[in-house]
1. If you scan region A:169-183, which residues turn out to be more than 7 Å from chain B (Cβ to nearest Cβ), closer than 14 Å to B:Asn12 by Cα and not aromatic (Phe, Trp, Tyr)?
2. From the list A:Asp18, A:Asp7, which residue is open to solvent by 20 Å² or more (accessible area, probe 1.4 Å) and more than 19 Å from A:Asp155 (Cα to Cα)?
3. When only residues in region A:137-151 that are without any contact (Cβ under 8 Å) to a residue 60 or more places away in the chain and touching a helix residue (DSSP H, G or I) at 6+ places or on another chain (Cβ under 8 Å) count, which is nearest to the other protein chains (Cβ to nearest Cβ)?
4. Could you say whether any residue in region B:294-317 is surrounded by 19 or more Cβ atoms within 10 Å (Cβ to Cβ), touching a residue at least 60 places away in the same chain (Cβ under 8 Å), within 14 Å of chain A (Cβ to nearest Cβ) and among the basic types (Lys, Arg)?
5. Considering only region A:52-149, give the helices (runs of 4 or more DSSP H) lying wholly within it that have at least 1 residues that are modelled with pLDDT of 90 or more and within 19 Å of A:Lys30 (Cα to Cα).
6. Inside region B:253-284, can you point out the residues that are open to solvent by 10 Å² or more (accessible area, probe 1.4 Å), within 11 Å of another protein chain (Cβ to nearest Cβ) and within 22 Å of the chain's Cα centre (by Cα)?
7. If you check every pair at least six apart or on different chains, which have Cβ atoms under 6 Å apart with a residue in region B:252-263 that is within 16 Å of A:Leu50 (Cα to Cα) first and a residue that is among the basic types (Lys, Arg) second?
Amino acid sequence: MDNDVSDENLMMSYASGDAAAFEILYARHKGAIYRYMLNLCRNEAIAEELFQEVWMKLINARENYQVKAKFTTYLYKLAHNQYIDHYRKQNVRIVEDQSVEIDDVIQEQSSKNNPEKQAQTNQTINRLTELLASLPNEQREIFLLREETGMSIPDLAETLGINHEAAKSRLRYAISKLRTGLNNE
Amino acid sequence: MANKDQNDKELNDYLKGDSDLSKAYRASNKVEPSVHLDEKILSAAKDTINSDKQKTKFHKAPWVKPVSIAAIVTLSVSLVVTMQQETGQSIISEPEVEMYDSAAVIEEISLPESKQSSDDETVINEIELKQKKDARVDAAVPAALGAATDLYRTEEKAELERARMKQAPAKRMLMKEKEQMQADALEERVFADEVMPSAPTGIEFDSVMDMEQEKQQISTISEVLSIDDLLKESSKYDGEEVVVKGVLHFEFEGNELRSGSYKLAVSLAESVRKNTEAYSNYKNKYNGTLVKVKGIFNLEFKGHRGMWPAGITDVTSIIPYNNKVN
C-alpha cells in the first residue's frame, strides 16, 4: 500500500476511518515539513510547535477534505499559513534570539546519522546555513519548498498564493544568491 | 538583459533537479522530528478516528431513533402536565372573577330598561336608551376586566412570594457554601505563608499586577534554569522553588512548558485557576511564547495520564523570556 497509493487517496482513506493511511501519509511528509519549518523559523521549539499544529489541522480537516488540488500543495498551504500566522502573532526578536539553535540541531543530528561524513560536510553545512539565513523570508521559503517537495513553479505559486512570475523571480534570486555565496567560499 | 538570461539559464538548470545546490542542501539537511513528536501526532490521529467511530456507532445503533422519540414525547407530555398543574388554579379562577363582575354590571344596567319598556316609550327613545346602555356597558366591561386582572395579579404575586419563601433556605445554603470556600482559600494562603516563609507571597496572577514588579520579584530567585538542567538534576530541585524557561502552551490535556524535546507539565496557582479572567488573560498573552515560569518543581506531578516526566506546580508568575533582561 505504501508506494502505490497516492497521497490524495490516503487522505481520503484516513477521512473515512483508516488510521493506518494517516501513518503512511505522515511518514512520507514528516521530514520535509519539519525541515521546512525548522529552516523557516530557525528555532527548534517553535518549529516543533508549528509542525505539530500543521498535522493537527490536517487531522481536524479530514471530514471536509476534498481532492481539489495535489495533496502536497494542500499540506504546504497549511504549513505556510501556520508559519505566517505565527510570524504575525510573535515578536520577531524572540525568533532571532534563538537563531544559533538551528545550527546545533542540524549538526547534532547530522553527526548522529552520518558520523563518517560529518567532517566533510561540516563546512558546506555551515556555509549553506548561513546563506539560507541571510536570504529574505520569501526567497528562503520558496527555496525550501522547492527543495523539500520538488514542486514546479505553478505549484509553488499556488501554495504560496502568489502569481507565476513572482514565484519564478523569488526562486531565481534565491538560487543566484546561494550559488554565488557557495562559490565564493 | 544578459544578466537576466544568465539567471534564467541558472534557474532552468536548477529546476532540472540535480544541481550542486540541491545536493549540498540535501547533504546538510537530514533532520527529522523527534520520536516523541511522532508518537504525539500519530496518537492524536488514531484517537480522533476512534472517537469518530464511537460517534458513528452510537448514531447508527437501531435503538437510538425510537429511544430519542420516546424521550422527546415523555418530556413534552410531562412538561405540559407540570405546566397545567402549576398554572391550573390561576387559569380557572381568572375567568370566574371576570364573569361574576361583568354579570353584576350588566344586571345593574338592565334594570332601568325593563321599567322604561313598561311605560310604552317611543321607538326613538328606545334607540337613545339602547345607545346610552351600550356606552355604559362599554365603559363598565373594561373596568370589570381590570378588577379581575388586579385580583389575578395579586394572587400571582402571593404565589411568587410563597415560591421565594421556599427557595430562601436553598439560597442561604449556597451563600454559606460560598463563605466557606472563601474562608478555606484564606486559610490555605495563611498556611502557605507559614510553611514557606521564603516564598514571596505577593507574586500572584493578578490582572492589575505590574510587569516591572513581576520582573523584580522573579529576579530575586537565583538563576533561570532550562528544562534540561532541571531534569538532569531532578532530585536536587524536587520540591524547590525554581524559575524555568521554555515555550508555554495552554492545552486541553494540560499546560506544558517545552524546550526542544524536553517538556514539563505546568499547574498554575490556585488563585489563578479560580480567577477565570486572569487565567484567560495569561492564556491569550503567553500561549506559544518563550517565557520564564516560577513555581515549585515537583517530580510527582506528571500531568494528565502521566504524559510529562515531571512538572512545575503552584506557578505564581510568568514573564516573557528576554535575554536582555538577564
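1. Within region A:169-183, the subset more than 7 Å from chain B (Cβ to nearest Cβ) is A:169-170, A:173-174, A:177, A:180-181, A:183.
With closer than 14 Å to B:Asn12 by Cα added as a condition, the list becomes A:169-170, A:173-174.
Passing the criteria: A:Ser169, A:Arg170, A:Ala174.
2. Numbers: A:Asp7 fails: more than 19 Å from A:Asp155 (Cα to Cα).
So the residue among A:Asp18, A:Asp7 that is open to solvent by 20 Å² or more (accessible area, probe 1.4 Å) and more than 19 Å from A:Asp155 (Cα to Cα) is A:Asp18.
3. If we filter region A:137-151 for residues that are without any contact (Cβ under 8 Å) to a residue 60 or more places away in the chain, which is where we start, we get A:138-139, A:142-143, A:146-147, A:150.
The next check asks that each one be touching a helix residue (DSSP H, G or I) at 6+ places or on another chain (Cβ under 8 Å); those that pass are A:138-139, A:142-143, A:146-147.
Working: A:Glu138: 16, A:Gln139: 13, A:Ile142: 12, A:Phe143: 8, A:Arg146: 8, A:Glu147: 5 Å.
Looking at residues that are without any contact (Cβ under 8 Å) to a residue 60 or more places away in the chain and touching a helix residue (DSSP H, G or I) at 6+ places or on another chain (Cβ under 8 Å), I get A:Glu147.
4. Within region B:294-317, none of the residues are surrounded by 19 or more Cβ atoms within 10 Å (Cβ to Cβ), touching a residue at least 60 places away in the same chain (Cβ under 8 Å), within 14 Å of chain A (Cβ to nearest Cβ) and among the basic types (Lys, Arg).
5. Working: elements: A:71-89, A:92-97, A:101-113, A:118-134, A:137-149.
Filter on region A:52-149 gives A:71-89, A:137-149.
6. Hit for region B:253-284 is B:Asn284, nothing else.
7. That search, which allows pairs on different chains as well, returns B:Glu256/B:Lys263.
For every residue, the table says whether it meets (1) surrounded by 11 or more Cβ atoms within 10 Å (Cβ to Cβ); (2) hydrophobic (A, V, I, L, M, F, W, C); (3) more than 9 Å from every other protein chain (Cβ to nearest Cβ); (4) within 15 Å of A:Ala27 (Cα to Cα).
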position	(1), (2), (3), (4)
B:Tyr14	yes, no, no, no
B:Leu21	yes, yes, no, no
B:Ala24	yes, yes, no, no
B:Ser28	yes, no, no, no
B:Ser51	no, no, yes, no
B:Gln54	no, no, yes, no
B:Val64	yes, yes, yes, no
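The values are calculated or read from the model by the stated rules, or taken from the named source; none is laboratory data. Small disclaimer: the values here were computed from a predicted structure and weren't measured. Please note: Cβ atoms are built from the backbone with ideal geometry, for glycine as well, and neighbour counts cover all protein chains shown. For the accessible areas, the whole protein counts, side chains as well, though only heavy atoms, and no ligand, DNA or RNA atoms are used. Shrake-Rupley method; radii C 1.70, N 1.55, O 1.52, S 1.80 Å.
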